[in-house]
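The values are calculated or read from the model by the stated rules, or taken from the named source; none is laboratory data. Source: prediction; values computed, not measured. Cβ placement follows ideal geometry from the backbone for every residue including glycine, while neighbour counts extend to all protein chains displayed.
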Amino acid sequence: MGDGRSQTQFRNSLKNARDTFDILFDNGRIGWVDRNGQQPSLSTNFTRIHEEWRDRSDQELERFVLGLHAGMPVALDGKARSPEARTEGGEKVYVSLRRERVPKLREDALAIHGLDCMACGFNFGRAYGALGEGFIEVHHVVPIAEAGKTITDPATDLVVLCSNCHRMVHRKRSVCLSLNELKAHLRVRGSHS
């Protein structure tokens, strides 16, 4: 979900937002209260959001949310933004925790599974000649971030996927499709091999 949150975390964020705005509506809900049982006032940002949306229809809000969910650039007025040039390429420093990888597991997975995508059959060597020879991505059946430190069997815990299929497996942040689930989508929509 948004910002890499789990479905539960995302649901809790929505609930927290609802509870924050409860003070503005006569709906029988109390929402957030402080230690003295008093409802706090809204922050400047929440007040601005409420002023922006209070007179809009449920349909407008729904279109806006669906646009965000679909990844479309949507302005606060609910209208799709036209593409425009933007500056990029600035430098940022990231500090993050990375999971340990064992290169030998990748080699073993390639020896076991070969170089054809296990979802669609695509082979980089056949498509790109020498440039693509030997290239394929290795995917953990259970994402390594979820599994944590674990013993990995390259025959059962790893699969080989082309770049497109690998991206589709991870398309939704909180859901990792299984190989069979991905294949089901390919049968419906056709493959790119």
So is Asp116 part of a loop (DSSP other than H, G, I, E, B), surrounded by 12 or more Cβ atoms within 10 Å (Cβ to Cβ) and in contact with a strand residue (DSSP E or B) (Cβ under 9 Å, 6 or more places away or on another chain) or not? yes
Subset of the stretch 33-89 [assigned by TED's automatic domain parsing to the domain that holds Ala17, modelled with pLDDT of 80 or more and of a type in the set (Gly, Ala, Ser)]: Ser57
Answer yes or no: is there a residue in the stretch 134-156 that is in a helix (DSSP H, G or I), among the aromatic types (Phe, Trp, Tyr) and not assigned by TED's automatic domain parsing to the domain that holds Thr8. no
Quick check, is Leu110 in contact with a Gly (Cβ under 9 Å, 6 or more places away or on another chain), in a loop (DSSP other than H, G, I, E, B) and over 30 Å from Ala70 (Cβ atoms)? no
Scanning the stretch 153-175 for residues that are farther than 22 Å from Gly114 by Cβ and in contact with a helix residue (DSSP H, G or I) (Cβ under 8 Å, 6 or more places away or on another chain) gives Arg173, Ser174
